[in-house]
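The values are calculated or read from the model by the stated rules, or taken from the named source; none is laboratory data. Only a predicted model underlies this, so the values are computations on that prediction, with no experimental measurement involved. Note that we place each Cβ from the backbone using ideal geometry, even for glycine, and neighbour counts take in every protein chain shown.
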Amino acid sequence: MASIDEINRFLKEFKRRLSMRGKFLFVLRDVNLATLSSLGITVKHAKEIINNLTYEDYCLGPEKDKNDPKGNIWCFGSKINGSEIYIKLSDHFSFDNAKCVSFHVACDKLTYPHKGH
């Protein structure tokens with residue numbers, strides 16, 4: 001489990017890149033697109049949700065990214081239109097990109113170890 005300071009450092013760096021024009025990569029997996037459709041939101045709205053994440057939304061990580069050995073995955077959760085959304089972000093900022101790997105309805109109940117601290 002990451003500390004609040006570690007989470008804040010990661011989010012600050014991720015959001016810095018997120019604010020750069022053309023530097024947001026939203027992985028277009030079927031489950032991610034289906035979630036956007038079912039919630040009636042766009043990738044732009046998903047980007048805004050990610051930009052508003054805080055350490056209280058942290059669930060776990062960093063964990064080694066199975067698909068990118070140079071990076072780690074950080075997991076967060078957010079309530080959107082009554083659904084709990086599982087959000088996985090990469091800390092491998094290749095070409096300065098902020099990459100969202102997963103954005104879908106949570107399969108299991110998420111835990112938030114820093115909620116309320």
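Would you pick out the residues in the stretch 47-65 that are over 12 Å from the mean Cα position of the chain (by Cα) and either more than 20 Å from D108 (Cβ to Cβ) or free of Cβ contacts under 8 Å to residues at least 60 places away in the same chain (or both)? Passing the criteria: E63, K64, D65. When the stretch 32-71 is filtered for residues that are polar (S, T, N, Q) and farther than 12 Å from C100 by Cα, the ones remaining, listed by number, are T35, S37, S38, T42, N52, T54, N67.
If you go through the stretch 49-67 one residue at a time, how many are farther than 20 Å from M1 by Cβ and at pLDDT below 95? Qualifying residue count, the stretch 49-67: 1. In the stretch 20-31, the residues that are within 10 Å of V43 (Cβ to Cβ) reach residues that are assigned to a strand (DSSP E or B) and of a type in the set (F, W, Y) with C-beta atoms within less than 9 angstrom, at least six apart or across chains, in these pairs: F26/F103.
The single condition among (1) loosely packed, with under 13 Cβ neighbours inside 10 Å; (2) touching an Asp or Glu at 6+ places or on another chain (Cβ under 6 Å) that D30 does not satisfy is (2). Checked against the criterion of being surrounded by 15 or more Cβ atoms within 10 Å (Cβ to Cβ), within 15 Å of the chain's Cα centre (by Cα), aliphatic (A, V, I, L, M) and over 18 Å from F10 (Cβ atoms), the candidates I73, I41, I80 yield just one match: I80. Within the stretch 18-28, the set of residues being over 13 Å from the mean Cα position of the chain (by Cα) and either closer than 21 Å to G61 by Cα or among the hydrophobic types (A, V, I, L, M, F, W, C) (or both) comprises M20, L28. Within the stretch 90-97, is even one residue surrounded by fewer than 15 Cβ atoms within 10 Å (Cβ to Cβ), within 14 Å of L25 (Cα to Cα) and at pLDDT 90 or above? Checked the stretch 90-97: at least one residue is surrounded by fewer than 15 Cβ atoms within 10 Å (Cβ to Cβ), within 14 Å of L25 (Cα to Cα) and at pLDDT 90 or above. Criterion applied to D108, D91, D96 was being among the acidic types (D, E) and at positive phi, and the one residue passing it is D96.
Determine whether E56 is out of contact with any Ser or Thr (no Cβ under 9 Å at 6 or more places or on another chain), closer than 18 Å to F10 by Cα, in a strand (DSSP E or B) and charged (D, E, K, R). In short, no. Collect the residues in the stretch 88-108 that are within 13 Å of the chain's Cα centre (by Cα) and of a type in the set (G, A, S), keeping them in residue-number order. Across the stretch 88-108, the qualifying residues are S90, A98, S102, A106.
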